[in-house]
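Trainee: The structure under discussion is supplied below as structure tokens; questions concerning it will follow.
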Amino acid sequence: MVKINMLTYLTFELISLVDSGLSIPVKEVKRLCEEKRVFEELERRFPIKQTGLDLSLLKEDVRKDLDEIFQDMSLAIDERRKFAVQNNGLCLLITYAQEQIQREMRKTKN
């Protein structure tokens with residue numbers, strides 16, 4: 001289980017990149033999710049000193065959990081149909097995080 005505060009933290013960091021005009025192609029993000037390499041690639045492409053992207057609160061165990069979750073979503077969800085995302089892979093990651101927040105909320109209601 002990934003804590004909702006870690007998911008919201010991730011979305012805020014990604015929104016900041018999108019707001020700065022940054023992007024990654026959707027197909028590439030899907031591939032990175034399938035390969036479980038999305039966080040290392042985000043940090044490589046968007047260094048904190050240049051972009052302000054700070055994923056330091058996402059510790060290794062959280063990253064591993066999110067890698068699994070995002071991999072499953074990338075393989076099972078038609079992002080264009082379900083999330084209406086087709087241009088910016090950072091937006092796709094935001095929708096994945098939002099989807100997981102909804103899933104976590106459903107768990108707490110049961």
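Trainee: Listed residues VAL62, VAL29; which is modelled with pLDDT of 95 or more and closer than 21 Å to LYS107 by Cα?
Mentor: VAL62
Trainee: Next up: Quick check: anything in region 13-26 in contact with a Cys (Cβ under 9 Å, 6 or more places away or on another chain), crowded, with 18+ Cβ neighbours inside 10 Å and of a type outside the set (Ser, Thr, Tyr)?
Mentor: Yes.
Trainee: Across region 60-87, what is the number of residues that are surrounded by 11 or more Cβ atoms within 10 Å (Cβ to Cβ) and of a type in the set (D, E, K, R)?
Mentor: Number satisfying all stated conditions: 9.
Trainee: While we're on this one: When you check LYS107 against the structure, is it surrounded by fewer than 18 Cβ atoms within 10 Å (Cβ to Cβ), of a type outside the set (Asp, Glu) and modelled with pLDDT under 95, yes or no?
Mentor: For LYS107, the condition - surrounded by fewer than 18 Cβ atoms within 10 Å (Cβ to Cβ), of a type outside the set (Asp, Glu) and modelled with pLDDT under 95 - is met.
Trainee: Okay, moving on. Looking only at helices (runs of 4 or more DSSP H) that lie completely in region 12-102, which have at least 2 residues being within 19 Å of VAL2 (Cα to Cα)?
Mentor: 26-34, 38-45, 60-76
Trainee: Of all residues in region 27-56, how many are within 16 Å of ASP67 (Cα to Cα) and surrounded by fewer than 18 Cβ atoms within 10 Å (Cβ to Cβ)?
Mentor: Number satisfying all stated conditions: 10.
The values are calculated or read from the model by the stated rules, or taken from the named source; none is laboratory data. Here the structure is a predicted model, which is why all the values come from computation and not from measurement. Every residue, glycine among them, receives a Cβ derived from its backbone with ideal geometry; neighbour counts consider all protein chains shown.
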